[in-house]
Amino acid sequence: MKKLLFAFLALILTTSVFAAGADLEINTPAIASLKASMQARHGQLASHYASGAVGLTRDGLVAMHDANAVPLAQRQGVNGLVSAENGDRNALYREIAVANGHPEWESEVRNTFAQRWVQKAQGGWWYQDAGGGWVKK
């Protein structure tokens, strides 16, 4: 019971420290490179967000939401874009946590960005709610 209480208190304290001290706008060469890569790719993904083929996941990544919205001949390319985007997103969350001097904050950084992606999504884009169900914004 004491271990459970300690783990719960540690989670609360870590989350509070994260909220109070994390700089999500921190910039390093690695972060700048990841952001540039993501920005360049966004132009290729935008139409797939708009068509509903690709959506935002609850864990801060992207996923194929409706493969039928992509012609069969293009699906492999879209899957490649999704994979590259997720690789950059995972690296970005890790780099931001490390740049803040707290690699243990990676999951909190991820959760914060997951919420930001949905807030900034355009109307008509799909995203996963907290339960993992798909919702159209």
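Just so it is clear, none of the values below were taken in a lab; they were calculated from the coordinates. Please read all numbers here as calculations on a predicted model, not as lab measurements. Quick reminder, even Gly has a Cβ in these numbers, built from the backbone with ideal geometry, and neighbours come from all protein chains shown.
Structure notes:
- Put simply, the amide H of W125, placed in the peptide plane, has neighbours under 5 Å in K137, leaving out anything fewer than 5 places away on its chain.
- Rough spin-label spacing in nm, given labels placed 7 Å along Cα→Cβ, for A130 and Q115: 1.1 nm
- Packing-based ranking, highest mean first, of 79-87, 92-100 given that Cβ atoms within 10 Å are counted: 92-100, 79-87
- Kyte-Doolittle mean at least 1.6, axial Cα span of 18 Å or more - DSSP H helices of the chain: 2-21
- What the Kirkwood sum gives for segment 18-136 is a hydrodynamic radius of 14.8 Å, with every pair of different alpha carbons counted.
- Among beta bridges that DSSP assigns inside segment 18-136, antiparallel share in %, nearest 5: 75 percent
- Structure-based [θ]222 nm, the chain - -39500 (n - 2.57) summed over DSSP H runs of at least 4, per residue, nearest 500: -22000 deg cm²/dmol
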